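The values are calculated or read from the model by the stated rules, or taken from the named source; none is laboratory data. All of these numbers come straight from a predicted model, not from anything done at the bench. Reconstructed Cβ throughout: ideal geometry from the backbone, glycine too, with neighbour counts over all protein chains shown. Surface areas here come from the heavy atoms of the whole protein model, side chains and all, with no ligands, DNA or RNA. Shrake-Rupley method; radii C 1.70, N 1.55, O 1.52, S 1.80 Å.
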Amino acid sequence: MRHTLPIAPQFYVTAPQPCPYLEGRMERKLFTALQGEHSGKLNDSLSKQGFRRSQNVLYRPSCSECSACLSARIKVADFRPSKSQRRALKRNADLRRDATSPWATEEQYALFRAYLDARHAAGGMADMDIFEFAAMIEETPVRSRVIEYSRTDPENPTERILSAVCLTDVLDDGLSMVYSFFEPARSRLSMGTYIILDHIRIAEEAGLPYVYLGYWVPGSPKMDYKANFTAVEVYKQSEWQPLGDPADYRADLHPLSTDPIAEQVARIDLPDTRPTKA
């Protein structure tokens with residue numbers, strides 16, 4: 001019988017750069033490459049420990065004096081939509097969902113540019129060209145899908161108009177919403193909320209227990225909407241905990257708010273490959 005060794009990726013830390021969520025702060029990330037035949041297992045395992053995927057990299061915030069960013073997920077079985085969320089479902093009932101392979105199109109990029117120009121013109125992705133966009137969508141070593149939402153063209157009922165896109169990873173315990181964007185005009189229809197609600201529906205239909213939302217940051221208006229969902233859990237102190245009352249969380253700076261990098265890495269659980277017979 002031949003035994004294979006545990007997967008042992010190398011972890012690195014980025015140089016500090018301005019935080020996109022809390023003004024006047026610097027962010028730092030702990031990251032590792034996502035490559036090789038066991039990429040799926042590594043993505044599954046580290047996603048459960050607060051990591052997120054960006055192309056072929058897995059990362060987690062590791063700021064020196066701040067621990068505000070908390071990975072968030074929705075426990076599908078316990079979720080109950082609010083009245084406003086039920087209204088969001090009704091307002092977007094005209095949309096049709098199509099799941100495709102992770103392949104970028106010019107139509108997606110045009111929608112992506114309109115979304116950035118209207119909502120994130122000064123953000124870190126504002127200068128992304130079509131080749132970088134294609135890399136974001138297509139460079140995935142794991143099981144990913146592009147979920148497209150389209151509406152009927154009012155001027156030509158036989159044609160459809162792309163309204164929203166979400167790049168989604170399929171994990172062994174849920175769906176991870178990597179990045180989503182939509183028609184700016186549909187903001188008034190709570191389009192972002194609708195995309196999350198539909199992913200909850202997809203996960204429920206597939207028997208997957210969680211929908212991973214990315215990071216929730218108390219004190220960041222950009223992230224407030226994630227706390228509006230019921231059954232939200234956050235990854236805190238090396239375990240998933242119910243969010244509870246968002247008002248109980250603080251984003252205060254403190255020099256002891258995070259453990260040294262070496263200790264953080266030592267506590268990461270890595271997947272093992274199963275023993276195989278010769």
Query - Hits in region 220-229 - residues which are open to solvent by 60 Å² or more (accessible area, probe 1.4 Å) and touching a residue at least 40 places away in the same chain (Cβ under 8 Å) - result: Lys222, Asn228
Report summary line: Picking from Arg86, Arg160, Arg113, Arg80, the residue that is basic (Lys, Arg) and assigned to a strand (DSSP E or B) would be Arg160
Query raised in the report: Looking at (1) in contact (Cβ under 8 Å) with a residue 60 or more places away in the chain; (2) of a type in the set (Val, Ile, Thr); (3) part of a helix (DSSP H, G or I), can you tell me which one Ile195 breaks?
Result: (1)
Report summary line: Checked Asp169, Asp173 against criteria (surrounded by fewer than 16 Cβ atoms within 10 Å (Cβ to Cβ), modelled with pLDDT of 95 or more and not aliphatic (A, V, I, L, M)); the one match is Asp173
**Report entry** Selection from region 27-66 of residues that are under 18 Å from the mean Cα position of the chain (by Cα), surrounded by 20 or more Cβ atoms within 10 Å (Cβ to Cβ) and in a loop (DSSP other than H, G, I, E, B)
**Finding:** Leu34, Gly50, Phe51, Ser62
Query - In region 229-273, the residues that are assigned to a loop (DSSP other than H, G, I, E, B), closer than 25 Å to Met177 by Cα and not charged (D, E, K, R) - result: Phe229, Thr230, Ala231, Gln237, Ser238, Leu243, Gly244, Tyr249, Ala251, Ile268, Leu270, Pro271
Report summary line: Expected single match for in contact (Cβ under 8 Å) with a residue 12 or more places away in the chain, surrounded by fewer than 21 Cβ atoms within 10 Å (Cβ to Cβ) and not small (Gly, Ala, Ser) among Pro157, Pro209 is Pro209
Report task. From (1) farther than 25 Å from Arg143 by Cβ; (2) β-branched (Val, Ile, Thr); (3) open to solvent by 20 Å² or more (accessible area, probe 1.4 Å), pick out the condition that doesn't hold for Val217. Result -> (3)
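Inside region 179-192, can you point out the residues that are assigned to a helix (DSSP H, G or I) and buried (at least 22 other Cβ atoms within 10 Å of the Cβ)?
Scanning region 179-192 gives a single hit, Met191.
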**Report entry** Residue check, Ser101 open to solvent by 20 Å² or more (accessible area, probe 1.4 Å), under 18 Å from Phe182 (Cβ atoms) and in contact (Cβ under 8 Å) with a residue 40 or more places away in the chain
**Finding:** no
**Report entry** Candidate set from region 136-154 (those that are surrounded by 18 or more Cβ atoms within 10 Å (Cβ to Cβ) and in contact (Cβ under 8 Å) with a residue 60 or more places away in the chain); member that is farthest from Gly192 (Cα to Cα)
**Finding:** Pro141
Requested in this report: Output yes when any residue across region 120-135 is buried (at least 20 other Cβ atoms within 10 Å of the Cβ) and either at pLDDT below 95 or part of a loop (DSSP other than H, G, I, E, B) (or both), and no when none is.
Outcome: no
Report task. Check region 79-88 and report whether any residue there is out of contact with any Pro (no Cβ under 6 Å at 6 or more places or on another chain) and farther than 30 Å from Thr152 by Cα. Result -> yes
Query raised in the report: Considering only residues of region 14-26 that are among the hydrophobic types (A, V, I, L, M, F, W, C) and open to solvent by 60 Å² or more (accessible area, probe 1.4 Å), which is nearest to Ala262 (Cα to Cα)?
Result: Ala15
**Report entry** Residue list for region 203-228, restricted to those being closer than 20 Å to Arg53 by Cα and part of a helix (DSSP H, G or I)
**Finding:** Ala203, Lys222, Met223, Lys226
